[in-house]
Every structure is written in C-alpha cells, then in structure tokens.
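Reading through the structure tokens given below for one structure.
Laboratory data are not the source of any read-out in this text; all were calculated from the coordinates shown. Please read these numbers as outputs of a predicted model, since none were measured by experiment. Heads up, the Cβs are rebuilt from the backbone with ideal geometry, glycines too, and the neighbour counts pull from every protein chain shown.
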Amino acid sequence: MDKTRQPIIAILGHVDHGKTSLLDHVRSLGNKARSSVMDREAGGITQHIGATEVPAIILNNLCGPLLGGKTFDSPGLLFIDTPGHQSFSALRSRGGALADIAILIVDISEGCKPQTIESLRILKNSKTPFVLAANKVDRLHGWSSESNRPMAYSLKQQTKDAMAIFEEKYWKIVGQLAEYDFNVERYDRVKDFTKEIALVPISAREGEGIQDLLAVVIGLAERYLSEKLSDIEGSGEGTVLEVKEERGLGKTLDIILHRGSIKKGDEIVLVTNEGGTSTRVKGMFSPRGMSEMRDAGNRWDDTDIIYAAAGLKISGVNLEGVLAGTTIRVVNNEEEKRIAIKNANNESKLSIELSEEGVCIKSDTVGGLEALAKELESIGVPIRSASIGKVSRKDVRSVETSQDPFHRIIMAFSTDILIDAKNEIEKSENKIKYINSDIIYRILDEHEEWVELRKKEIEEENREDVVYPGRIRLLPDHTFRASKPAVVGVRVLGGRIHVGQRLLKDGKRIGRIKSIRSGQDSMKQSEQGSEVAISVDGVTIGRQIEEGDELLVDVPESHAIKLIKMDLTPIEKEILEELMLIHRKEDHFWGR
C-alpha cells in the first residue's frame, strides 16, 4: 500500500465550456496502456463510482517530456465526477471540501460566465486550491493545434497573430478574475503558487496542453498538500455521493473514500435525518474495467477491501434515509462507534438558522441545502423550513399558511417535486411559487423576478377593481386614426372591456386600450352588445390588426384567480377559459 493517497480532483465550470470533454479525455488516457486484466500496476485507468483514477505510471509517461526525468511521488489522481450533484459545496469531507484541488475550466473566448462566477464563490468559501484551464484554444483564429502536444511546446509554435489573439483573451480573463480578488498568471510564469492562480491554456478536444495541466495539478498537490495526502492510516472515512436502489442489492450507497480503508463486514456509522445510525458492509463493488460509472449495468467487480482515495458502491441493511453529501465512518470498537454516532448526530443537524416566517428550501444533499441557505441569507431572505429530499405536501402546506405573500415560495436545488405536492400547489388558492434548478444562481434570479412580478400584481390588486375578460370585433369602415394611438370603432361581442386592458390577437399581445368613448362621453368600461370607439397604444391598423379582426381582451392573472370564484355569464366563462389556455402554454400554474 502507498504511503500517500492520490489527490482528489474536481472539475468545475460553466455549461459547454468543456468539463465533459476534459473528463472524457482523462478517461481515454489509459486506453493504450490497458491489458486484459485491469489493475493499477498494469497502467490501466480504473473507473470507480463517481470517479476516474489515473495511475502514476500513465501520468509519468504522459508528462515525462515536461519533467526532465523527474517522476511524481503521488500514486495517481482521482477525478470525481458526480452526476446529479452540480454543487461542489455539496461534497464535503469532515466539514471541508471533499476535493483536494479543483480545475476550473473556462472557454478562453467567452471568459467568465454565471456558473464560472458561482464556482469561484464556492472555491473561495471552501478555501480549495484550484488551477484555471483556459479551454478551446484550438478555436482561436490562426491557432495551429496538434493532438496531445504539450502546451509548453505549442506556445512556441504559434504565429505572432495567433499569439496576439491569445494574449487579448488571456488578459480579459485575468481582469475578470481580478474583480473577485484572484491574481491569475500563466502557469509557466507563476513564481508563487500560494499567491497566484495558474492558468493553463488547453484544448480538451485535441488533448493539447493536458500534460501541462496534469503536471501543474500534481505539482501543487505534492508541494502544498503532502500532509493532507499522508492522512491515510486508521479507520475508513468517506462521503456519500448518492443513495440508489439497485436490482438484486436493494438500497446501495455510492461513496468516495478519502481516508483509510474499508472492507466487507466492517461496521459503519451513517448520517440520516434522524441522526447517526450503524450497520455493516454486506457487499462492496466497483465497475469492471472501463465501464461507465453511471451505467455499469451488471458489470460489477466484487471486492473485499478498498484503500483511499477511491470510489466504490456498498450494500447493506438499514440504508434507508441516509443523507447524500454526508460522512460515512468505519468503526472498530465501541469507543470509536460512540464518537462516530455523536459526530453523525451533529452532522444531521443542519447549520441553518430558521425563522417563524420565511421561505421553504429543499435539496438532495446537506451541503447543497446549506449552500442555498447561505446565498439566501446574504440577500436577507428568511427561511422557515429547510430539509433534504423531494418537495412534499407537507412543504407546500408549510408555505401556504404564510402571512407574507412573498414567503409563499418553495426553492428546490437539485431535487424534484412529488406528484401529490404538485397537485397541492395547483389546488391552492394562495398563489404558491415553486422554483427548481440544479444551479443556485438560477434559483436566485428566478426568485428575484418572481418577487418583482408579485409586487406589481399586489399593487394592481390594491389599486383596481376586478376587470373582466372580453371579446371585441373591429368594425369595418370605422378606422378614425391608424396609429399613435390607433382609434377604431368596435363591437363588444362578449364580456366587458376596461381602460388599461391588453389586447390579444391569436394569443399574442398587440397593444393596450388607452381610452373608451361613446359619442362625446369618455368611459372606464363597456359591456357586451355595445358599440364604442377605443384608442389603442402600440398598434397600427393595417399592420398588426385589421378591420373585421376579433380580439380578446386580457385580464391580469390576479384578477383571473378572483374571476374563477365569481358568478360569470356563460360567454364570460368561455372567454376566461380561452385566456387561461393561452397563458398556460407559457406558465402551467397561471391563474391557479
């Protein structure tokens, strides 16, 4: 067994900036070195659950040209890839980040995007060292790319024009990260890795610069994390990535083991909603050969013992209720078990401050829930309830009774909603908002938009009487002005029309009623059967609308909710139902 474990590496970045391409390239590194029997010594890459292990023999061969004969001390690198767990902060190890080092991948031409900024914030909060991978250099105009070439050589082969474009993009990224107090320097010019963030230009598609990136990552780990990587003795400790139901095995846990070892028969302490619980490892598995961890099917290798750092799947009894993102601890005696249960009990208690009034938040992991709570706390949004798992009827009812209309909202991060909870929202008369996303900043943006919209609706409700739906026909030969505003005679075919209402043609908004007149008299509204002249902002007769057109007169959503409960005429009901169908194409919960 090695005296040190391999560093655990996480790859973060904005969508489409190349995270998948980089991971795919890492997975392909061992293809030529593979033998019929896959093991670490044969130079193969082991695909663990949620992880890809690159052994030292491959790293030394790959990075050899850059090292001048030097070899790495590390036994390899373990890249964690966690499907369904987009929040890096959800992956924790004894209160810190599970990953030892992160690679933040950025499209060199696009620079920092919202998810890049979110990743930077998470890395800063978790104090995780990271390397910047500036991807897609092969797409720069004039760039000459060569498959699997070290970037140290590639930079010397480029034309002045190509390098000028590269420098322009490079300095833009340097400036963007400086805004977040990060000092970036090109990797071959870094003087102090503790004060400067190394930027490595790469092409994940061509494999260009990957050697340089891996060399920088290992160099960082060996130089600054040696003490952390030597902490491998003693009882096994890991992080639960996912709780799954496997055919023939029942409930299983996908785990990253980051300390010590674990073997079949070991007693383990786990974290549940109810606190710490213990069980024994019944089965232990890893995917065979290069099987994809997300879809290994029946290609599992049974194994008796695994050492850190590694990914694995375990089966056992009483795994129900185990929380993803929490710690698994191997215990060897009653004293260790007592301490582990105490720690698990503490871990099950969320470090989130709850208020009597506030919103409801949900997530699939403890870390994810705490990350969302921290963001809401920073913008002054109180939290009434916070829990792990899917959104339930209980969650809906907790926000439904809120006195503050701005707290009738459920925010779900990386988790789903149960069907009965969905039905409960649809039936509710209290206008509950449900937001879910696997990206925190999207939840926050949608929350902000909803609050603004809700403010306007409440103002409108307080300011106006209920306005009714209506249908009008533009009368032939009754155009008094074509535009600015258009003035035209109409017949109210059904319902009523009101000053300020929007007009819809074929389901699309085309203008707003500015005034209603009958002869010399101005009117606020007009009812079915009447013929009046209306002025309309935002349209030109002969372009957006024509004489003879039939138009719907829209109502605000808040009024539609009230109208549903009112005694409408059959024609008014028919028009309201038509309006609801139109709006629910864009918003399923409109008017509910």
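Please give the direction-averaged projected area of the C-alpha convex hull for the stretch 296-357, in square nanometres with one decimal. Here the figure is 7.6 nm², rounded to one decimal. The angle between the Cα long axis of helix 19-28 and the longest principal axis of the Cα atoms of the chain comes to about 30 degrees, rounded to the nearest 10. Adding -39500 (n - 2.57) for every DSSP H run of four residues or longer, then dividing by how many residues the chain holds, sets the calculated 222 nm ellipticity at -9000 deg cm²/dmol. Look at the Cα gyration tensor of the stretch 470-584: its axes a ≥ b ≥ c give a/c of at least 1.5 with a/b over b/c, and that counts as prolate. Among K455/K573; K508/K573; K124/K431, which pairs are too far apart, with a Cα-Cα distance over 29 Å? Violating the 29 Å limit, Cα to Cα: K124/K431. As a quick test, which of the pairs K136/K156; K484/K505; K19/K390; K113/K169 have an alpha carbon distance above 26 angstrom in this structure? Flagged as over cut-off: K19/K390. For the stretch 428-522, GluC sites (Glu not before Pro) are listed when DSSP marks them as loop and at most 15 other Cβ atoms sit within 10 Å of their Cβ; the list is E429, E464.
At q = 0.13, 0.20, 0.21 Å⁻¹ the log10 of I(q)/I(0) for the stretch 237-348 amounts to -0.44, -1.04, -1.15, computed by Debye summation with a single uniform scatterer per C-alpha, solvent ignored. Rounded, prolate or oblate: which one fits the chain, using the alpha carbon gyration tensor with axes a ≥ b ≥ c (rounded when a/c is under 1.5, else prolate when a/b beats b/c, else oblate)? It is prolate, given that a/c is not under 1.5 and a/b is the larger ratio. According to the square roots a ≥ b ≥ c of the eigenvalues of the Cα gyration tensor, what is the shape class of the stretch 141-271, taking rounded for a/c under 1.5, prolate for a/b larger than b/c otherwise, and oblate for the remainder? Judged from the Cα gyration tensor, the stretch 141-271 comes out prolate (a/c at least 1.5, a/b above b/c). Listed peptides 63-71, 313-321, 468-476 appear in the order 468-476, 313-321, 63-71 once ranked by packing, highest mean of other Cβ atoms within 10 Å at the front.
A Cβ-based charge dipole, computed about the Cα centre of the chain with Lys and Arg at +1 and Asp and Glu at -1, lands at about 440 debye. At full extension, K244 and H478 could sit 77.4 nm farther apart than now, given 0.36 nm per residue minus the alpha carbon distance.
With neighbour counts taken as other beta-carbon atoms within 10 Å, the residues D212, D521, D445 rank, fewest first, as D521, D445, D212. The modelled label-to-label distance for the pair K191/N430, using points 7 Å beyond Cα in the direction of Cβ, is 6.2 nm. Using Cα pairs under 8 angstrom and six or more residues apart, how large is the relative contact order of the chain, in percent? It comes to 10 percent, rounded to a whole number.
With the simple spin-label model, which puts each label point 7 Å out from Cα in the Cβ direction, the S378 to K3 separation comes to 4.2 nm. Taking Cα centre as origin and charging only the Cβ of basic (Lys, Arg, +1) and acidic (Asp, Glu, -1) residues, the dipole magnitude of the stretch 330-454 rounds to 380 debye.
Derived from the Cα gyration tensor, the three semi-axes of the equivalent ellipsoid of the stretch 168-208 are 19, 14, 8 Å, largest first. When only Cα pairs below 8 angstrom with a gap of at least 6 residues are kept, the stretch 359-463 shows a relative contact order of 27 percent.
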